[in-house]
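Peer 1: I'd like to ask you about the structure that follows.
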Amino acid sequence: MIRYVIMIIFVLNFILTPTSNTTAAAKSMTKKEAYQGILKAINNLQDKVTLTNYKEKEKNELFGIANQVIDDHYPMYKYVYIEDVESRKTVKFHYMVNKTELKKIIKQPVVNQDFFLSIIDQKREIDKEIKNMISKNDLKRLVNHQNSILKEAKKQPTNLEKIKYVHDYIMNHTKYDLDNYYKKTVPKSSHTPNGPLLYGTAVCDGYSTTMSLLLNKLNIPTLEVEGKAGDGIAHSWNLIYLDGEFYYLDATFDDENDHNFNYNYFLVPQNMLSKDHYWVVAQYPKAVSTKYVNFQEQVDKSILEKNASVFSQVAKKYNFSIKPNALEDKNGYRSYIVSDNEKKLSFSFEEYVSESVLNIPFSNEANFDENYLSFVKEVSEKLSSTKLPNLNKTLEDKMNILITNNLSKKIKEKVNSNVSYELNFRSFDEGLWNLELTINIKFK
């Protein structure tokens, strides 16, 4: 009997006791929990998040919390903002960057995120500057020019070679606007890609924005960096992301003008650039790789080796032998001795990266034969991409006086206008004069 009474009491107690799921009030969400919920939603790139259990004590309280999340997590403000708060429960987000692209960016360290997001901002600014400064016809012309450069750049097999192609193209087609710089009359176009791409002139930010414009269109992340250089003069250059590393490139400093240029500031680490450039280094990703610090030497060697093959092929065609002087083989320079197989003719050939110089002494027309003239002509055609000035009047007069008019005419007919000439004189112990013709072939 006692046992049945205990069971009845137990059952009644279970029935009458309220459960937490049915009668207890839902627990309110704290500000901290709302903050974390919004942060998680943004990190997951959600379009909205509904905080059902959050109760605002003041109007727009949730809106303020959401904005605080963005303010607290730099550089979040560069890619998202609060679009709306619906029914004081649902926070809606607007993303200013493509989500697929953004997903990769937010996995990076904060300083790297800033780099990639700043590129997006700069791309908008560059496009805006281009469109606001020129007519529709000029814009069409610029886009066509830009596309022709990109078409050729895309043919390059690696991103490194694409960067070099764009760098070299700007060097070969842009002149620093020095006259206007000194007069303080630099036009706005020279500060933008309009300068290099439409008019062939620019100052530093014209170079750097053009590098950014073209390389980013080749999917090579490139940012314009502003700071100072030399004696504290305002300056700009680029920071480039290549194969998992960051590098600096200053196209302006590489340009020696008159289409001569070097690679002294091509893909260099920050410790090299900081010798004569000044900027807030900590604001940018670390650029410490030294992989390309000897790029100038690599380019020089590549040019010399490539051209050596050309010289050898052409010499063989005209029955000449050509031997490099290994003792004088240096970076950017190589010398050869060229002679015919009958040893009637022998001359030296000095090759620099930017110029080839052939020297041949002669005392009469006999040893200045057709094969030699043909050799010079063919080499110059294969190597030269820049027309050099024709003979100036002084040199032409000397040729007519010191060499027969017939020989002078023959030289000018056989050797094309890509070649410049100099006449040099050497004396011998006997007091006789020997005439030496120097032929310069510029091919860079």
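Peer 1: Just list whichever of Lys151/Lys317; Lys31/Lys78; Lys92/Lys162; Lys59/Lys103 have alpha carbons separated by over 31 Å in the model shown.
Peer 2: Lys151/Lys317; Lys92/Lys162; Lys59/Lys103
Peer 1: Starting with the fewest neighbours, write out Trp237, Trp279 ranked by other beta-carbon atoms found within 10 Å of each beta-carbon.
Peer 2: Sorted ascending by nearby Cβ count, the order is Trp279, Trp237.
Peer 1: Then there is this: What translational D, rounded to a whole number of µm²/s, comes out for region 23-102 from Stokes-Einstein when the hydrodynamic radius is the Kirkwood one over Cα pairs, at 4 °C and 1.567 mPa s?
Peer 2: The calculation lands on 99 µm²/s.
Peer 1: How charged is the neighbourhood of Lys92? Take every other residue with its Cβ under 9 Å from the Cβ of Lys92, and add Lys/Arg as +1 and Asp/Glu as -1.
Peer 2: Local net charge: -3.
Peer 1: Lys and Arg at +1, Asp and Glu at -1: add these up for the other residues within a Cβ distance under 15 Å of Val69 and post the number.
Peer 2: With Lys, Arg at +1 and Asp, Glu at -1, the neighbours total +1.
Peer 1: Still on this structure, please answer the following. Only Lys, Arg, Asp and Glu count, each charged at its Cβ (+1, +1, -1, -1), so figure out the dipole size of region 23-102 about its Cα centre, rounded to 20 debye.
Peer 2: Here the size comes out at about 300 debye.
Peer 1: Sticking with this one: For region 110-293, report the translational diffusion coefficient in µm²/s to the nearest whole number, using Stokes-Einstein at 10 °C, 1.306 mPa s, and a Kirkwood Rh over Cα pairs.
Peer 2: 96
Peer 1: Have a look at Leu139, Trp237, Asn262 and report the one farthest towards the positive end of the charge dipole of region 110-293, computed about the Cα centre with Cβ charges (Lys/Arg +1, Asp/Glu -1).
Peer 2: Leu139
Peer 1: Loop only per DSSP, at most 15 neighbouring Cβ atoms within 10 Å: give me the GluC sites (Glu not before Pro) in region 208-271, ordered by residue number.
Peer 2: Passing sites in region 208-271 are Glu256.
Peer 1: With a sphere of radius 12 Å drawn around the Cβ of Tyr165, what net charge do the other residues whose Cβ falls strictly inside it have (Lys, Arg +1; Asp, Glu -1)?
Peer 2: Result for the local shell: +2.
Peer 1: When the dipole is taken about the Cα centre of region 110-293, and only Lys, Arg (+1) and Asp, Glu (-1) are charged at their Cβ, what size is it in debye, to the nearest 20?
Peer 2: The calculation lands at about 640 debye.
Values quoted throughout were computed directly from the atomic coordinates according to the rules given, and no laboratory measurement underlies them. The shown structure was predicted, so the numbers you read here are calculated from the model rather than taken from an experiment. Because the Cβ atoms are built from the backbone with ideal geometry, glycine has one as well, and the counts that use them run over all protein chains shown.
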